[in-house]
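Report on one structure; see the data block that follows.
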Amino acid sequence: MSERRTILLEVRDVSKHFGGIYALNGASLALESGEVHALIGPNGAGKTTLIHVLSGALTADAGQVIFNGNDLAWRAMHERVALGLARSYQITNLFSRLTVLDNVTMAVQSRVRDWGSSFSFWKPFSLDSAIVDEAQDLLDQVSLTGLAGRRACQLSHGEQRCLEVALVLATKPKLLLLDEPMAGMGPEESVRMVELIENLARRVTMLLVEHDMDAVFRLADRISVLVGGRVIASGAPAAIRADHEVRRAYLGDAQ
Amino acid sequence: MGLYASSPRRRIAAAMTLVALLALPWLMQSLDQGFYVSLASRVLIFALAATSLNLVIGFGGMISFGHAAFFGAGAYTVAILAESGVVSAALAWPLALAVAALLALLIGAISLRTRGVYFIMITLAFAQMVFYLVVSLKSWGGDDGLLLLRRSTFGSLDLKDDTTFYFVVLATLALVLLALDRLAHSRFGRVIQSIRENETRMEALGYPVFSYKLVCFVIGGALAGLAGALLVNQSGLASPNLLHWMQSGTLMVMIVIGGVGSVFGGVVGAVLLLLCEEFFVEISPHWQIGLGLLLLAVVLWAPLGIAGLFGWGRSRE
């Protein structure tokens, strides 16, 4: 982290309320290009709401989100993906009846700017070998090569989470929003996922929402703490660990 | 139900069916049953209409309950054009297709903003609006419909001849099925099937889901219009019944029985339903009770339809 980095994502005073409940209440956050930025906070702090606002699934009531120089207000979800902003889901969200390979080829094909267009009605997809090759390569990266022919619903939970990551990677994002990638995983699967994220960290900026504190402190370059819809602290892991406010609000002020 | 994949076996079955259908007029005439050639045309036209709905429901996952509007629009376009002296099929049929496509674009652009039951109801509502509009227009025949006094002309082909007409219908259906099979395996076909499987995921992968669904909806509507253009030539009448919601329901029953999301599902369903109607109606006017039982059996034990039973449906494993 020695060289100066540019700001890739800036969240300015974003608020979102559902009826009288403020899920986000003036949250601000800045992500530097190339970092793994973890977002932690107690249940109901607004972490997933923030991911929804960033990905375009929800519209913020107030505030601004600037991604790579673009104001994201009013941009539809698919336009944000085209800008390089991709998300994974907290609850596994795959094409469960499609094969593992088809899941990834659909994701690769989404980069229509690379392949011409998906408004192609006559030419068989089987001739698009470049798309299939790239999908195979992605399956290699997440260690699912041997399962390419299985249906996604036949995979174990941990394998599904890895497939989820492969789908997100296929869109070639500049920024990856990972919403609890280790949710519901056993210890062995978690270790595998941590290794996978460590490998990816070299190539892509990440905003990681995660409850597993061991994983967070191992992976994150910087950590932001969201409490009550507001970011109360942002900084290096050591600083966050020592921060009195954070300890009181979240990590548990045992003594 | 993964993405649709053709097997060589299915292609052989399709080719054999095509040969049998080519020989049908000759067979019927040698048996002195020429009437059945016209019935066969009717069955194939409904097969085309059901196939067009299968593209929308089976492949695109859009449960449209208003497909009759496009079917009827095609029929009325040809009948109205014939009244004003345009009888050339080369002009009237593409126009019927275009009118149905335009109507599908309008209805689709609004309806596709809704999901689930709301989409079913709004497409039904639009189709019924078209139905009542046509019934109320005396110049278009109102309740009685519009007679087509002359069949369309098609270059040197004599479409008044039932056998020639049958071959034109058969060729049209075969071409549409070939195109649908290509479409199902194309990038576009994979996109719409994946939208059927998981729409939010497709949006999150960067696909402009609405545009893909609308294009699929319009293609389906246009093909229904083409079927309508053929049907008015077969029956000689553009009837408001073609626009009625029961017609939409009949087409739906056809694809459910035949096989939702299978290229040949619409054909199998239309053949089965119309032949049952033709032959069982003489045995009992309540033959539809049997149809209801068949539908029940299909839904319970063969969710991929009759085509699915024979491995003609979507790939299973």
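Some points to look at:
- Highest-fluctuation residue, A:Gly20, A:Gly184, A:Gly56 considered, GNM on chain A with Cα pairs under 10 Å: A:Gly20
- Across the stretch B:109-119, coupling constants 3J(HN,Hα) worked out from phi with the 6.51/-1.76/1.60 Karplus curve, θ = phi - 60°, read 4, 8, 5, 6, 7, 10, 10, x, 4, 4, 5 Hz, and Gly and Pro carry x.
- Fraction of C-alpha pairs exceeding 19 angstrom in the stretch A:91-172: 31 percent, rounded to a whole number.
- Relative packing of B:179-188, A:206-215, B:28-37, which averages over residues the other C-beta atoms within 10 Å, highest first: B:179-188, A:206-215, B:28-37
- Amide hydrogen neighbours beyond the local backbone of A:Ala233, cut-off 5 Å, H modeled: A:Val225
- Inter-chain Cβ neighbour average for residues A:89-95, partner chain, 10 Å: 3
- Nearby aspartates and glutamates by direct alpha-carbon distance to A:Lys123 (threshold 13 angstrom, same-chain neighbours under 8 apart not counted): B:Asp181
- Partner shielding of A:122-134 amounts to 3, given as the average count of beta-carbon atoms from other chains within 10 Å of each residue beta-carbon.
- Of the residues B:Cys276, A:Cys153, B:Cys216, the one with the fewest other Cβ atoms within 10 Å heads the list, and the complete ranking is A:Cys153, B:Cys276, B:Cys216.
- Remark: mean inter-chain Cβ contacts per residue of A:96-107 equal 5, using a 10 Å Cβ-Cβ cutoff to other protein chain atoms.
- Restricting the GluC sites (Glu not before Pro) of the stretch B:257-305 to loop positions (DSSP other than H, G, I, E, B) with no more than 12 neighbouring Cβ atoms within 10 Å leaves B:Glu282.
- The Kirkwood radius of chain B, taken over pairs of alpha-carbon atoms, gives through the Stokes-Einstein law at 37 °C and 0.692 mPa s a diffusion coefficient of 166 µm² s⁻¹.
- Using the Cβ of A:Ile51 as centre and a radius below 13 Å, the other residues enclosed give a net charge of +1, where K and R count +1 and D and E count -1.
- For the stretch B:92-159, the square roots a ≥ b ≥ c of the C-alpha gyration tensor eigenvalues yield an a/c of 1.5 or more together with a/b not exceeding b/c, which makes the shape oblate.
- Evaluated over the protein assembly as shown, the Cα radius of gyration and Dmax, each in Å: 28.6, 100
- Spatially proximal lysines relative to A:Lys174 (Cα-Cα < 26 Å; intrachain offsets below 8 disregarded): A:Lys16, A:Lys47
- Per-residue [θ]222 nm for the protein assembly as shown (sum of -39500 (n - 2.57) over DSSP H runs n ≥ 4, rounded to 500): -17000 deg cm²/dmol
- For A:Leu8, the residues whose modelled amide H falls within less than 5 Å of its own, excluding neighbours fewer than 5 places apart on the same chain, are A:Leu31, A:Glu32, A:Ser33.
- Across the stretch B:240-249, coupling constants 3J(HN,Hα) worked out from phi with the 6.51/-1.76/1.60 Karplus curve, θ = phi - 60°, read x, 4, 5, 9, 6, 4, 5, 5, 4, x Hz, and Gly and Pro carry x.
Quick note: the coordinates plus some simple rules give every number you see, no bench work behind them. Here the structure is a predicted model, which means the values were calculated and not measured. Cβ: placed from backbone, ideal geometry, glycine included. Neighbour counts: every protein chain shown.
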